[in-house]
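Quick notes on the structure that follows.
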Ligand code: 5AD
Ligand code: SF4
């Protein structure tokens, strides 16, 4: 194995699972002598870890490849630059990318990036052959192991991949494949190794994370597969781990045990991402979401009952085919009722191969634009109101790094808000109490009250 030092630049698009995958790609490449740089200029290997969820996200790949071409030409005289496309665009359009963008040397799907070293070697030998978009998720995690390079105090851990829900707007079941959960022992091994490296907060990732049903740990096989609630409680017992989060959940897979985990596990943060996409039952049905608006509201009410300090975030789509003004108003009504701490909202984007793309009653782009603006104005108001409601409260803050001003630290509240406070540098990596004095749309500021040992 060669250990000559080589420069690696990875650009990550899209969701947190891509962030996790990019980190794991670095882990795989480090033993080959690759070191990360923060510019593609002069890099020996450039990886674009791509997202296919909406049209705009997918288009970015081709424009980035255009920008990389002259850099690759410049590097030709000094060892050359290998360009790889990874992630969901690679999965969906692998062969097409190689054809359309000859600057690309290799294409690797989300389930085969553990084979990057082999693919790179292949790309160097014979251009055009280095494409691997098989689905071999079990093999991937076995081969990746637990030795992760980490920075900071918070880490993502994939616990589940893929989705069998087939919402009619979504490419994920096609790009990430069928639902699959990692065994509990394997996840616990990874979290323990992270805790030993100083990680204090883990976010468990899955496209449909609350459908988690991983093999029970050794000795407990008789339990049958464990659900997410059991996994969360088990991870809460790992020394050093102070905060647990998970994302993304589907309303249909909210079971009572997971709701109870919010009640009985203080390390599980009281901030929960539960996308609903629309407030109209007609649209929810057309989206194949398999529940009604009222079911969602009942789940939110139940969560608030067991954990009164819980805050909710979500995702919304406007302009799904067939959405009328009345359907959109039902979405606005649901948003008023839930009162989100934060919510992402998107114009419906036709994705090739999904049932939604073939629906005849597409909504006009201008109408989508108007609806998105109205929804975002309401969501902004809610987010500002939520942040302002923190003023006067004392929140536990996990300090992560120095702040912008001298003597200041930057950290995160239980609700993932950025918090700035004057605090000694030795509190970096620790949870401390901060009395909140100021709030804006995106951040809080406050006064350090004192260190705190508990999670929330
Ligand atoms: N168009 C617009 N938004 C989409 N999302 C997923 N697919 C589409 C699409 N075709 C949004 C959903 C999902 C989030 C990750 O992206 O709101 O929850
Ligand atoms: Fe896509 Fe989520 Fe629906 Fe699965 S549940 S198809 S990932 S939106």
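The values are calculated or read from the model by the stated rules, or taken from the named source; none is laboratory data. The structure displayed is predicted, hence computed values, not measured ones. Here the Cβ positions follow ideal geometry from the backbone for every residue, glycine too, while neighbour counts run over all protein chains shown.
Among the residues of region 322-335, is there at least one that is modelled with pLDDT of 95 or more, within 23 Å of residue 54 (Cα to Cα), within 13 Å of ligand 1 (Cβ to nearest atom) and in a helix (DSSP H, G or I)?
yes
Which residues, taken from region 279-298, are away from ligand 1 (no atom under 16 Å from the Cβ) and either on the phi > 0 side of the Ramachandran plot or not in a loop (DSSP other than H, G, I, E, B) (or both)?
Of all residues in region 279-298, those away from ligand 1 (no atom under 16 Å from the Cβ) come to 281-282, 285, 292, 294-295, 297-298.
Result: 281, 282, 285, 294, 295, 297, 298.
Results for (1) more than 16 Å from residue 18 (Cβ to Cβ); (2) free of Cβ contacts under 8 Å to residues at least 60 places away in the same chain; (3) in contact with a helix residue (DSSP H, G or I) (Cβ under 7 Å, 6 or more places away or on another chain); (4) assigned to a helix (DSSP H, G or I), shown as yes or no for each residue.
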position	(1), (2), (3), (4)
75	yes, yes, no, yes
85	no, yes, yes, no
88	no, no, yes, yes
92	no, no, yes, yes
96	yes, yes, no, yes
103	yes, yes, yes, no
118	yes, yes, no, yes
124	yes, yes, no, yes
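With in contact (Cβ under 8 Å) with a residue 40 or more places away in the chain, under 30 Å from residue 277 (Cα atoms), assigned to a strand (DSSP E or B) and touching a strand residue (DSSP E or B) at 6+ places or on another chain (Cβ under 8 Å) as the only criterion, which of 444, 416 stands out? I'd like the intermediate steps shown before the answer.
Working: 416 fails: assigned to a strand (DSSP E or B).
Of the residues listed, the single one that is in contact (Cβ under 8 Å) with a residue 40 or more places away in the chain, under 30 Å from residue 277 (Cα atoms), assigned to a strand (DSSP E or B) and touching a strand residue (DSSP E or B) at 6+ places or on another chain (Cβ under 8 Å) is 444.
Name the one entry in 169, 212, 156 that is in contact with a strand residue (DSSP E or B) (Cβ under 7 Å, 6 or more places away or on another chain), within 24 Å of residue 27 (Cβ to Cβ), within 16 Å of ligand 1 (Cβ to nearest atom) and at pLDDT 95 or above. Let's see the steps before the verdict.
Numbers: 169 fails: within 24 Å of residue 27 (Cβ to Cβ); 212 fails: within 16 Å of ligand 1 (Cβ to nearest atom).
Within the list 169, 212, 156, the selection yields 156.
Can you find a residue in region 206-221 that is surrounded by 18 or more Cβ atoms within 10 Å (Cβ to Cβ), touching a residue at least 12 places away in the same chain (Cβ under 8 Å), within 10 Å of ligand 2 (Cβ to nearest atom) and more than 20 Å from the chain's Cα centre (by Cα)?
Within region 206-221, none of the residues are surrounded by 18 or more Cβ atoms within 10 Å (Cβ to Cβ), touching a residue at least 12 places away in the same chain (Cβ under 8 Å), within 10 Å of ligand 2 (Cβ to nearest atom) and more than 20 Å from the chain's Cα centre (by Cα).
Is there any pair with a first residue in region 40-59 that is within 16 Å of ligand 2 (Cβ to nearest atom) and a second that is in a helix (DSSP H, G or I) whose Cβ atoms are under 6 Å apart and which are 6 or more apart or on different chains, and what are they?
Taking only residues 6 or more apart or on different chains, the pairs are 51/57; 51/88; 52/58; 52/88; 52/89; 52/92; 52/175; 58/89.
For region 379-398, what are the residues that are in contact with a strand residue (DSSP E or B) (Cβ under 9 Å, 6 or more places away or on another chain) and either modelled with pLDDT under 95 or in a helix (DSSP H, G or I) (or both)?
Of region 379-398, the ones in contact with a strand residue (DSSP E or B) (Cβ under 9 Å, 6 or more places away or on another chain) are 379, 382-384, 386-398.
Correct list: 379, 382, 383, 384, 386, 387, 388.
Residue check: is residue 202 at pLDDT 95 or above and more than 16 Å from ligand 2 (Cβ to nearest atom)?
Numbers: at pLDDT 95 or above: yes; more than 16 Å from ligand 2 (Cβ to nearest atom): yes.
Answer is yes for this residue.
Based on this model, can you work out whether residue 244 counts as under 30 Å from residue 218 (Cα atoms), more than 16 Å from ligand 1 (Cβ to nearest atom) and assigned to a strand (DSSP E or B)?
Yes, satisfied.
Every residue in region 263-304 that is farther than 30 Å from residue 236 by Cβ and more than 24 Å from the chain's Cα centre (by Cα), please.
280, 281, 282, 283, 285, 286, 292, 293, 294 - these are the residues of region 263-304 that are farther than 30 Å from residue 236 by Cβ and more than 24 Å from the chain's Cα centre (by Cα).
Would you please name the residue that is modelled with the highest pLDDT, looking only at residues in region 336-356 that are over 22 Å from residue 297 (Cβ atoms) and either more than 13 Å from ligand 1 (Cβ to nearest atom) or surrounded by fewer than 16 Cβ atoms within 10 Å (Cβ to Cβ) (or both)? Reasoning before the result, please.
First, pick out the residues of region 336-356 that are over 22 Å from residue 297 (Cβ atoms): 347-356.
Then keep just the ones that are either more than 13 Å from ligand 1 (Cβ to nearest atom) or surrounded by fewer than 16 Cβ atoms within 10 Å (Cβ to Cβ) (or both); that gives 350, 352-353.
Details: 350: 96, 352: 92, 353: 93.
So the residue we want is 350.
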